[in-house]
1. Do the conditions hold for residue 350, that is, is it within 41 Å of the chain's Cα centre (by Cα), in a loop (DSSP other than H, G, I, E, B) and among the aliphatic types (A, V, I, L, M)?
2. Among the residues of the stretch 388-402, is any crowded, with 17+ Cβ neighbours inside 10 Å, out of contact with any His (no Cβ under 8 Å at 6 or more places or on another chain), free of Cβ contacts under 8 Å to residues at least 24 places away in the same chain and under 23 Å from residue 446 (Cβ atoms)?
3. Out of the residues in the stretch 417-452 that are assigned to a helix (DSSP H, G or I) and over 27 Å from the mean Cα position of the chain (by Cα), which is farthest from residue 292 (Cα to Cα)?
4. Pairs please, first residue from the stretch 306-323 and not assigned by TED's automatic domain parsing to the domain that holds residue 296 and at pLDDT 95 or above, second anywhere and surrounded by fewer than 16 Cβ atoms within 10 Å (Cβ to Cβ) and among the hydrophobic types (A, V, I, L, M, F, W, C), Cβ atoms under 7 Å, 6+ apart in sequence or on different chains.
5. What about residue 380, is it farther than 30 Å from residue 282 by Cα, exposed (fewer than 13 other Cβ atoms within 10 Å of the Cβ), of a type outside the set (A, V, I, L, M) and in the same structural domain as residue 467 (by TED's automatic domain parsing)?
6. What are the pairs with Cβ atoms under 8 angstrom where one residue, in the stretch 85-102, is surrounded by 18 or more Cβ atoms within 10 Å (Cβ to Cβ) and the other, located anywhere, is in a loop (DSSP other than H, G, I, E, B) and polar (S, T, N, Q)? Sequence gap at least six, or different chains.
7. Under the condition of being among the acidic types (Asp, Glu) and surrounded by fewer than 18 Cβ atoms within 10 Å (Cβ to Cβ), which residue from the stretch 251-306 is farthest from residue 210 (Cα to Cα)?
8. If you go through the stretch 243-261, how many residues are touching a residue at least 24 places away in the same chain (Cβ under 8 Å) and at negative phi?
Amino acid sequence: MTPATTPDTRLSDTPAFHARHWIGGTLAAWLLACAASAAAQPLWFASGRPTPDAQQAVSALSGAQADGLVPQDYDADGLKRALAEAATGPQPAQDAIDKLDNTLSDAMRRYLSDLHSGRVDPRKVHANFTAPPSAAFEPDSYLRAAVAGHRLPEAIREAAPSFPLYGTLRDALAHYRTLAAQPGWDRTLPAPPGGKLTSGQAYSGLAEMARRLHALGDMPADAPAPKRYSGAVVDGIKAFQARHGLETDGVIGAGTLAQLNTTPAARVRQIELTMERLRWTPLTDSPRMIVVNIPEFMLRAYDYNGGKLDIKLQMKVIVGKALDTRTPLFKEDMRYIEFSPYWNVPPSIARSETIPRLRRDPAYFTQQGFEFVSNGKAVTTLSDANLDAVMNGRMRIRQRPGPMNALGDIKFVFPNNQNIYLHHTPTPQLFKRDRRDFSHGCIRVEEPVALAKFVLQDMPGWTEERIRQAMTKGQSNTVALQQPLPVVLAYGTAIARADGRVYFLPDIYGQDKLLDQALREKTARRPASVPASAPAAPATPATPDALTRPVPTQNPT
């Protein structure tokens, strides 16, 4: 048995406790000292000279433009010069080594952060995406692990977005930089006589136009330029139009001419802006996703596993009007589907459009299947009093399920504070338009049955037949999803295909302009950070204390 401890004998007074306390305290102090010593050791120097890892680091910073970043943001040239001096000149003093080592580490942390998460807070450029927690990617520990394993180039590649579009855009960026270096792009193609060029017409800019189509890959390199606008040049223009969101009719009007006169240098910037967005648009947060690219007027539903993208579905969409009812950018989880839905007319639309129309044309009330709602009860009588009640917020208007319903026969709901959702439409003819910004902000989908099948694929009872029956029943029915399905409303004006073809889309909401300004302002505010030339080391060797003293860590900006 263990002897009982008397009230006057405390455990902390026993010799065993003091021994354990001393050993534990000594061990903890030793571990802290080791950690401090490791942190104090230069990351990029050995025996007073830059390591191969340091050379790889400055090489990566100098090549940052390959990812659409700006080497000057990290003072790549200054660091390259300073490291070259430290490598070949007199051995620098330890304090100069420490300062340069710390400066290079700071630049690399910022570079990795920019590469992984972007340079701009998306919420400052009208994109309501929340940045991932810092613990998901901590640049300092990531950098130190990469250098410790001597795998910095691999770690840099892995820090970039994994979404396949990023890699294809990176290749496209290099290609368009090569095109931009070629002469002749600054020459503006002349306007066609009469403002329009059709097949068979003569055109003074034909040779230059053919050269551009050759260079851009829209016209075979061995196809000769005809004397008139015809044949291979017309086909080349149609291919060019398809890549630029234009009607593919082969007719060169003001829109096509403007795109032809857009230089590769401008396209370089367009690609860079889309790459920046890919760093903070959450396209890989789930193994199943629905993404709407607003300027492309397209929806894609895909599986994403192990870095591999499997597009299951894509379709045309109609988005919010560029002038006044733009579709916002955000991500939310789809949680349920409404079949044969009611449409609750938003108060702003009711006041500005619906009620003025009803006052002019009372028959519109019955034709559209409208009713008033008050305290949860439907009122089917049209009266001035009821219209006034809607204007004053005491009643609302809704549209019953049916062929005239503005939501069509299905609604895909991902709850959000802006009341945006996906739905069908009673006016499908609008999908034939090339530019499709016609809605009040919600997104109309061209193939609702196919989308419903994708959404409900984990609920076997929901066959295509059952989906169609629910859509046409005329009785509202809400079906909750077993698993939330992320929906991302995204914005990208440069799309690179796996075959190397690059598609450029109009900046319908001015988002490219806004992001470009934010990025340029960030670069303009960035001061140079490289220290002046490092002084040589003193004649006497540095003491061990000088080699291991702690160096304050600069916070990455």
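1. no
2. No, because not a single residue in the stretch 388-402 is crowded, with 17+ Cβ neighbours inside 10 Å, out of contact with any His (no Cβ under 8 Å at 6 or more places or on another chain), free of Cβ contacts under 8 Å to residues at least 24 places away in the same chain and under 23 Å from residue 446 (Cβ atoms).
3. Only one residue fits best here, namely 429.
4. none
5. So residue 380 fails the test.
6. Note: pairs meeting the criteria are 102/553; 102/554.
7. Restricting to residues being among the acidic types (Asp, Glu) and surrounded by fewer than 18 Cβ atoms within 10 Å (Cβ to Cβ), the top hit is 285.
8. Looking only at that region, the number is 12.
The values are calculated or read from the model by the stated rules, or taken from the named source; none is laboratory data. Computed from a prediction, not measured in an experiment: that's the story for all the values here. All Cβ positions, even for glycine, are placed from backbone atoms using ideal geometry, and neighbour counts span all protein chains on display.
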